[in-house]
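Engineer: First the structure, then my questions, so here it is.
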Amino acid sequence: KASAYGIKNLKRILPKLEEWTSEKGENYSELSTMYGQVLSQFNRYMGHVSANVGGVTEYFKTTDQEGAVYTHIDKATQKEALKFVIDELFKTPTWMLDKNIFSKTEFSGSVERVRGLQARSLNNILDAGRMARMIENETLNGSKAYTLVSMMSDLRRGVWSELYSRRSIDTYRRNLQRAHLDRLDYLLNKARDQRGANSGYFKQSGITVNQSDIKSVVRGELKRLRRDAKTASSGGNTISRYHLQDVVDRIDNILDPK
């Protein structure tokens with residue numbers, strides 16, 4: 001709720017930025033700086049919310065106090081947190097795409113700015129340590145847990161919603177979808193620790209994680225995406241069809257690296 005209110009404030013601030021930062025005889029460097037600060041604050045809100053996915057709450061207690069010190073965040077809160085990130089960030093945040101600001105502060109880079117924001121949160125959610133905690137939560141709490149498989153399915157449907165609605169895929173969403181594939185590729189093929197590719201473990205966020213279950217889920221998601229992309233590639237406009245054909249080829253390469 002706090003992050004939702006914060007974003008509403010940012011939406012009120014952005015249209016006023018030029019007025020509040022402009023002085024006669026000065027250039028637009030202050031406008032550029034403050035626009036960057038708005039995006040940074042938005043990114044912090046996304047970080048606060050996404051930390052709930054696979055998150056753990058610590059209750060500081062002494063030995064004479066009852067109850068657990070560490071508890072997994074409840075299933076409903078985790079699902080709500082992921083939906084918030086999907087709705088506020090992964091669905092292109094058009095409110096921050098201010099053409100007036102762009103025309104006065106940069107000649108290019110707006111598309112990459114959005115991709116950078118989205119990729120950071122996406123990679124944070126698909127952190128191996130976070131995913132390992134979700135597997136552990138399911139092991140300990142069964143159906144009360146928000147499982148890794150459920151989270152990956154919810155994430156896929158948020159990032160790739162056009163596959164199921166048969167809508168055209170715009171530039172921002174194509175970039176987000178490629179970022180998703182890049183992260184899955186990393187988790188499946190590139191995340192290793194010093195013990196080498198065959199150790200069965202890799203390091204992420206300072207935690208050494210058994211990768212077998214994570215890799216199985218990632219591989220399953222890639223196969224599901226390949227199937228869905230093939231089905232959807234017969235529709236949409238030309239650039240969307242080409243994108244989905246490329247997605248299928250990318251997934252083939254991820255699943256069977258040359």
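Engineer: In segment 105-115, which residue that is of a type outside the set (A, V, I, L, M) and surrounded by 15 or more Cβ atoms within 10 Å (Cβ to Cβ) is farthest from the chain's Cα centre (by Cα)?
Structural biologist: Among those that are of a type outside the set (A, V, I, L, M) and surrounded by 15 or more Cβ atoms within 10 Å (Cβ to Cβ), it is T105.
Engineer: Same structure again: Hey, any hits in segment 132-146 for a residue that's in contact (Cβ under 8 Å) with a residue 40 or more places away in the chain, closer than 16 Å to K79 by Cβ and among the aliphatic types (A, V, I, L, M)?
Structural biologist: yes
Engineer: Could you check segment 193-229 and list, in sequence order, the residues that are at pLDDT 95 or above, charged (D, E, K, R) and surrounded by 13 or more Cβ atoms within 10 Å (Cβ to Cβ)?
Structural biologist: Of everything in segment 193-229, those that are at pLDDT 95 or above, charged (D, E, K, R) and surrounded by 13 or more Cβ atoms within 10 Å (Cβ to Cβ) turn out to be R219, E221, R224, R226, R227, D228.
The values are calculated or read from the model by the stated rules, or taken from the named source; none is laboratory data. Because the structure is a prediction, the values reported are computed rather than measured. FYI the Cβ positions are ideal-geometry reconstructions off the backbone, even for glycines, and counts take in every protein chain you see.
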